[in-house]
Amino acid sequence: MDQRRQPLREVPHVSELPTRAEVDAVLADPTYDASPWNSRSSGFRNSVEGWQGPNLHNRVHVWVGGQMTTGASPNDPVFWLHHCFIDKLWADWQRLHPASAYAPVSSTRDVVALRDTMKPWNDVTPQDMLDHTRFYTYR
């Protein structure tokens, strides 16, 4: 076997995509994130990502399979469609909860804080991206 090409690792099968009811339940959560700011935190962020609750983001990667389950997932066109939908969920959540804010505001070990730069974009912070309508809108 060519040492540069590794076989895709086995990933447990996921039989179904998230349901509309699961999406609605995640969107209903008024808290964006909470301490301890990691995969055990409750709130919208972890429910979307898949560390808590119905696993909206990660579950789709596993359901699609193939490169979508690896670090090469951006090679699959479905990756971009999926992440556009995740961005739409973020916009929907912001619209539904205008009094709720991005958290954490102060630096943490596991989550980029509001005014911290995001790597590899060393001149962009989460605060810069809160208003997506400067770049695109959803109808």
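Here are the numbers:
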{"quantity": "Considering residues of segment 1-40 that are hydroxyl-bearing (S, T, Y) and modelled with pLDDT of 90 or more only, the residue nearest to W63 (Cα to Cα)", "calculated": "T19"}
{"quantity": "Test: residue in segment 76-94 that is touching a Lys or Arg at 6+ places or on another chain (Cβ under 9 Å) and over 21 Å from D29 (Cβ atoms)", "calculated": "no"}
{"quantity": "Qualifying residue in segment 104-112 (condition: more than 17 Å from W37 (Cα to Cα) and among the small types (G, A, S))", "calculated": "no"}
{"quantity": "All helices (runs of 4 or more DSSP H) inside segment 21-139 with 1 or more residues being surrounded by 12 or more Cβ atoms within 10 Å (Cβ to Cβ), aliphatic (A, V, I, L, M) and in contact (Cβ under 8 Å) with a residue 24 or more places away in the chain", "calculated": "44-49, 56-64, 77-96"}
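The values are calculated or read from the model by the stated rules, or taken from the named source; none is laboratory data. Since the structure is predicted, the reported quantities are computational estimates derived from the model, not experimental observations. Every residue, glycine as well, gets a Cβ built from its backbone with ideal geometry; the counts of neighbours run over all protein chains shown.
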